Each structure stands twice: as structure tokens, then as C-alpha cells.
1. Collect the residues in segment 290-300 that are more than 18 Å from SER188 (Cβ to Cβ) and either β-branched (Val, Ile, Thr) or in contact with a strand residue (DSSP E or B) (Cβ under 6 Å, 6 or more places away or on another chain) (or both), keeping them in residue-number order.
2. Does ALA252 satisfy the condition of being touching a strand residue (DSSP E or B) at 6+ places or on another chain (Cβ under 7 Å), surrounded by fewer than 19 Cβ atoms within 10 Å (Cβ to Cβ) and within 16 Å of VAL323 (Cα to Cα)?
3. Could you list, in sequence order, all residues of segment 261-272 that are surrounded by fewer than 24 Cβ atoms within 10 Å (Cβ to Cβ) and either within 22 Å of GLY223 (Cα to Cα) or under 13 Å from the mean Cα position of the chain (by Cα) (or both)?
4. May I ask you to list pairs of residues, at least six apart or on different chains, whose Cβ atoms are under 6 Å apart, with the first in segment 319-335 being on the phi > 0 side of the Ramachandran plot and the second being open to solvent by 10 Å² or more (accessible area, probe 1.4 Å) and assigned to a loop (DSSP other than H, G, I, E, B)?
5. Might you check whether a residue that is on the phi < 0 side of the Ramachandran plot, open to solvent by 70 Å² or more (accessible area, probe 1.4 Å) and aliphatic (A, V, I, L, M) occurs anywhere in segment 181-193?
6. Can you give me the number of residues within segment 68-112 that are more than 26 Å from ASN257 (Cα to Cα) and in contact with a Leu (Cβ under 9 Å, 6 or more places away or on another chain)?
7. On the given criteria, is ALA92 farther than 18 Å from ASP134 by Cα, open to solvent by 10 Å² or more (accessible area, probe 1.4 Å), in a loop (DSSP other than H, G, I, E, B) and at pLDDT below 95?
8. Taking the conditions exactly as written (open to solvent by less than 30 Å² (accessible area, probe 1.4 Å) and under 20 Å from ARG181 (Cα atoms)), does TYR133 satisfy them or not?
Amino acid sequence: MTVRKAWIVASVAISSALAFVMLLVVGVYIVAGNLVNGVGGGAKALAKGAVPAAYADLVRKWGNLCPAISPALLAAQLYQESGFNPRAQSQAAAQGIAQFIPGTWASHGIDGDGDGDRDVWDPKDAIPSAASYDCELASYVKKVGGNLTENMLAAYNAGAYAVIKYGGVPPYTETRNYVKRITTLSESFAAPVGRVDPSEQAAGAIEYAQKKLGTPYLWGGTGTAEQGGRFDCSGLTQAAYETVGIKLPRVANDQYNAGPHPARDELLPGDLVFFSDDLTNSRAIRHVGIYVGGGYMIDAPRTGAVIRFDPIDTPDYFGATRVTEDGAKALPTRV
């Protein structure tokens with residue numbers, strides 16, 4: 001009888017929890033339908049930990065070099081180019097954290113730290129050089145009509161002559177995609193200055209994750225039949241958002257850049273919540289879950305555990321991302 005009572009109590013508790021979650025999910029749709037023009041943007045301040053601590057001061061300083069750029073925009077370029085890897089080298093011979101090709105570095109590299117040399121592999125030179133080059137391009141197109149930042153990015157991709165010729169961003173698909181990608185990505189590096197609109201896809205992502213409750217964790221799991229439908233943390237969040245048409249990167253620290261970052265007291269169901277042992281560096285994020293409200297998330301925690309509800313208010317809580325379709329599309333496929 002005691003066991004039966006315990007089972008009944010547990011069943012009622014679980015049912016109540018699920019009902020609570022579904023009310024929150026419905027709330028996502030209601031709020032998404034009612035908020036208008038609520039996205040905060042244009043902030044100069046970087047989001048918490050979005051740039052590795054070793055480079056954050058450089059990005060803040062040099063990201064304000066001229067009106068065409070901002071720390072968030074400069075951070076987006078560095079992330080797009082190298083994933084903040086100072087030793088990155090591409091097949092096209094682009095080098096360092098800012099991915100300068102040798103010819104461009106020879107013409108535009110500067111001695112950012114004043115130590116007497118210009119070293120493409122040294123972020124203290126490469127990050128100032130990237131900002132300086134952006135501002136130089138902006139000076140070439142400053143008399144062109146339209147948005148100066150967009151024209152600067154277009155000049156970076158297609159050359160200043162093309163921007164001047166067309167009186168703005170030229171009608172090249174690659175260039176227009178580049179401009180949109182960097183400007184969108186910059187929103188994930190900026191600390192919002194206002195409320196952030198909820199994603200209408202959030203409810204669908206939560207619904208998917210709920211159906212996986214109780215599924216055993218699998219390191220590297222993405223839910224394939226060969227894996228028995230099992231997931232790791234970022235595999236679950238990726239699959240949940242893929243069901244609503246949003247393709248997220250595979251790993252948690254890249255998923256962090258799929259949209260703007262609401263504060264803890266602004267969280268809504270469907271936000272991705274992240275955890276790290278280094279709260280100064282988003283590249284060190286090691287865990288992600290889907291927020292469901294009430295201080296809880298659905299996550300795939302670790303080997304030996306199952307997909308479950310877990311509290312988010314732990315010492316390793318890093319921050320959150322409100323996933324947007326454009327934000328996810330802007331992310332580089334490899335960093």
C-alpha cells in the first residue's frame with residue numbers, strides 16, 4: 001500500500017510538472033504573437049563571455065575605432081573567420097585569428113601592441129589590424145548612400161569599387177549573403193539593450209524534447225536509428241530545433257551564437273541555456289539544455305543518466321540564447 005501511494009504521488013507530481021510546462025509552452029505562442037518591435041539591438045557592449053577573455057579587451061577597444069564598426073561586429077567577423085583561433089590557417093593561405101592573406105597583411109597589417117613588429121599570428125596585432133582595415137574600407141565608401149556598416153562589409157567582400165559603382169551593396173548573391181550573415185551574427189555578440197522577442201518555434205522544440213524524456217544519454221548521440229534514438233546534450237537541442245525548421249550547429253559552444261542573449265530574469269520557454277567551467281569564455285561551454293520555465297530545463301545530462309528535467313540555477317550557469325532562424329543561418333559551418 002505504501003508503494004502504491006508513493007507511485008500515485010509521483011505520478012501526480014510528474015503530471016503536474018508536464019501540465020505546468022505545457023502552460024508555459026502555450027505562453028510562448030501568446031507572447032510571440034503579442035510582442036512587436038521588441039528586439040534590442042545596436043548595443044556597443046559585448047554579451048557576457050561571448051568573446052574569450054584573452055581577446056575581449058582588444059575587441060572592446062578596437063571595435064570602437066570608427067563609426068562603421070562596433071565590438072559586436074568585430075567579434076562576429078573574428079568568429080566567422082577563425083572561431084577565435086589565433087593559429088587558424090585556411091587552404092587559401094589566410095592566417096591567424098583574423099584570417100589575413102599574406103598580400104593583404106603586407107599592405108594593411110599594423111603593429112597593434114607597439115612592440116616593433118607586425119605579427120599576423122599575434123592577436124594583439126591581428127585584431128587591431130582587422131578593425132583598422134574595416135575602417136579604411138569604410139573611409140573609401142563613406143560618401144555612398146545607405147548604411148555605412150553594410151557598405152563597409154560589402155567592400156570587404158567585393159571591393160570598394162563595386163560598392164561605389166552600384167551606390168551601395170552590389171547585387172552579388174555572395175556579397176549580400178555575407179553582409180546579412182555578419183550583421184545578423186553580430187547580434188549574438190552584443191548585450192541586448194531591450195527585450196528580446198521569443199521564437200515562435202520554441203514550443204515545437206520543447207514538445208519534441210518532452211517526448212524524449214527518459215531516453216538514455218549517449219555521448220555523440222544525435223538520435224539516429226543506429227544510436228537507438230539516443231542523444232547527448234547538443235544532439236538533443238539540435239534535433240529539437242531541426243523539427244521546427246531551424247538547423248543549429250552540432251556543438252554547444254557554437255549553438256550559443258544562434259541568436260541574442262536574454263538575461264536570467266528574461267528567460268522564456270524554448271531558450272537554450274548553457275553551462276561552463278569558465279564563465280568568461282563562450283568557447284569553453286560544455287553543456288546545453290532547453291529551458292521550460294520555473295527554473296528548469298530539459299537536458300541530456302551525462303553518461304548513465306536519461307533525458308530529464310534539471311534546474312538551471314547552478315554555479316556553472318553561463319547564459320542563454322533565444323534561437324532565431326536568421327541567427328542559426330548566419331553561423332559558419334566550420335569554425
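1. The answer is VAL292, GLY295, TYR296, MET297, ILE298, ASP299, ALA300.
2. no
3. Restricting attention to segment 261-272, the residues satisfying the condition of being surrounded by fewer than 24 Cβ atoms within 10 Å (Cβ to Cβ) are 262-268.
Passing the criteria: only PRO262.
4. GLY319/LYS48; GLY319/HIS261
5. Scanning segment 181-193 turns up at least one residue that is on the phi < 0 side of the Ramachandran plot, open to solvent by 70 Å² or more (accessible area, probe 1.4 Å) and aliphatic (A, V, I, L, M).
6. Adding up the residues that qualify gives 1.
7. In short, yes.
8. In short, no.
The values are calculated or read from the model by the stated rules, or taken from the named source; none is laboratory data. Predicted model, so just to flag it, every value in this text is computed and none were measured. Because the Cβ atoms are built from the backbone with ideal geometry, glycine has one as well, and the counts that use them run over all protein chains shown. Ligands, DNA and RNA are excluded from the accessible area calculation, which covers all protein heavy atoms including side chains. Shrake-Rupley method; radii C 1.70, N 1.55, O 1.52, S 1.80 Å.
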